[in-house]
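Working notes for the structure below.
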Amino acid sequence: MNWFFIDESITDGERRQGPYSIDEIRDFVADGKITSNTLVWRSGMKAWVPWGECEESKDPEIADIEASRDELIKNTVEALLREQANSRHYAGFFIRLFAFLIDNCILFLVGGIILVIMSFAGIIDAAAVEEALVNYIGDPSSGELLDKVIESPGLSTFFSIFGAVQAIYFVVFQAIFSATPGKKFWHIHIETVEGTRLGWLSSLARYLCSLLTQLTLFFYGIGYIIVCLDPKRRTLHDWIARTFVVFDSKEK
């Protein structure tokens, strides 16, 4: 690239000197022939400017240091912004409870449809089940009445089908969307401790662990209550399956 400069020492005749290479210009600077106030121009410039205002006037080592500094600052800012965008905001007890209630409303609706289909197919005696349930509700301390409910024709088949539907519901939604419909409604989802989505195996493992948490309902629901004590808002099955429930990031 050709450079030109105005030689102020020339008082008569053409003062524009050039073309020169950038190395020659720097040699003139070193010799004092070009100062920071000397007007220079090269192709691509709109007008003549003082040499001191050109990027090329900077010492190459200093320019490299400044460029490295600017790059470091830029990378640091970008990393901080990414960290802020990706930082986890853990979902607490109540929002997870509301999500769970939505999921169970959906499952109860599906269960009702299954009951109707089984009743029409003659697999289950809805009237007998209803009568047994009414009698048991009237005296819930009676083990005999509870046995009659459990032994109602077709009820065990219904529980088997409903259990399979429930497992498919949670495993499939967690594996594909990282969230059930209830969690989607509240804009929360499940992540592994590494911050990745659940796979099929990890989704199945988490569901099986959740059955263990449900058993703690006989012990004051301690498997769920620990959410309130854990800074990362994990239930018992989150601890075992190594997962978190977090709010969706704004980017999503």
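Ranking I102, A30, S43 by Cα position along the charge dipole of the chain, where only Lys, Arg, Asp and Glu carry charges on their C-beta atoms, puts I102 farthest toward the positive end. Each Cα pair under 8 Å and six or more residues apart adds its sequence gap; the mean of these over the residue count of the chain is a relative contact order of 15 percent. In plain terms, the chain from V110 to Y220 could stretch by 36.8 nm, reckoned as 0.36 nm per residue minus the Cα-Cα distance. Between the Cα long axis of helix 200-215 and the first principal axis of the chain there is an angle of about 50°, rounded to the nearest 10.
Taking 0.36 nm per residue of separation and subtracting the current Cα-Cα distance, fully stretching the chain between D12 and V77 would add 18.0 nm. Helix 126-138 versus the longest principal axis of the chain: what is the Cα-based angle in degrees, 0 to 90, to the nearest 10? So the inclination is approximately 90 degrees. Residues of region 112-135 falling in the label zone of L146, defined by backbone nitrogen less than 19 Å from a point 7 Å along Cα to beta-carbon, are 129-135. Seen against the Cα atoms of the chain and their longest principal axis, helix 93-120 is set at about 50 degrees. Annotation note: trypsin sites (Lys or Arg not before Pro) in region 84-170 located in DSSP loop regions with a Cβ neighbour count of at most 14 within 10 Å are R88.
For GluC sites (Glu not before Pro), the sites in region 128-190 that DSSP calls loop and that have at most 11 other Cβ atoms within 10 Å are E151.
Of the residues I168, P153, G143, the one whose Cα sits farthest toward the positive end of the charge dipole of region 137-200, with +1 on the Cβ of Lys and Arg and -1 on the Cβ of Asp and Glu, is I168.
When the chain is described by a simple charge dipole with +1 on each Lys and Arg Cβ and -1 on each Asp and Glu Cβ, the residue from P19, I190, T216 located farthest towards its positive end is T216. A simple rule links phi to the HN-Hα coupling: the Karplus curve 6.51 cos²θ - 1.76 cosθ + 1.60 with θ = phi - 60°, which for region 39-44 gives 6, 10, 7, 9, 4, x Hz, with x for Gly and Pro. Under 5 Å between amide hydrogens, built in the peptide plane, is the criterion, and for C54 it picks out nothing among residues at least 5 positions away or on other chains. Listed from fewest to most Cβ neighbours within 10 Å, the set W51, W41 follows the order W41, W51. Overall shape of the chain was characterised from the C-alpha gyration tensor. The equivalent ellipsoid obtained from it has semi-axes of 80, 18, 13 Å, in decreasing order.
Calculate, for D31 and E55, the FRET efficiency according to 1/(1 + (r/R0)^6) with r their C-beta to C-beta distance and R0 25 Å; round to the nearest 0.05. Once the sixth-power term is evaluated, E becomes 0.75.
None of the figures in this text is laboratory data; all of them are computed from the coordinates on show. Note that the structure is a prediction, hence the values are computed from the model and not measured. No Cβ is skipped: glycine too gets one built from the backbone with ideal geometry, and neighbour counts run over all protein chains shown.
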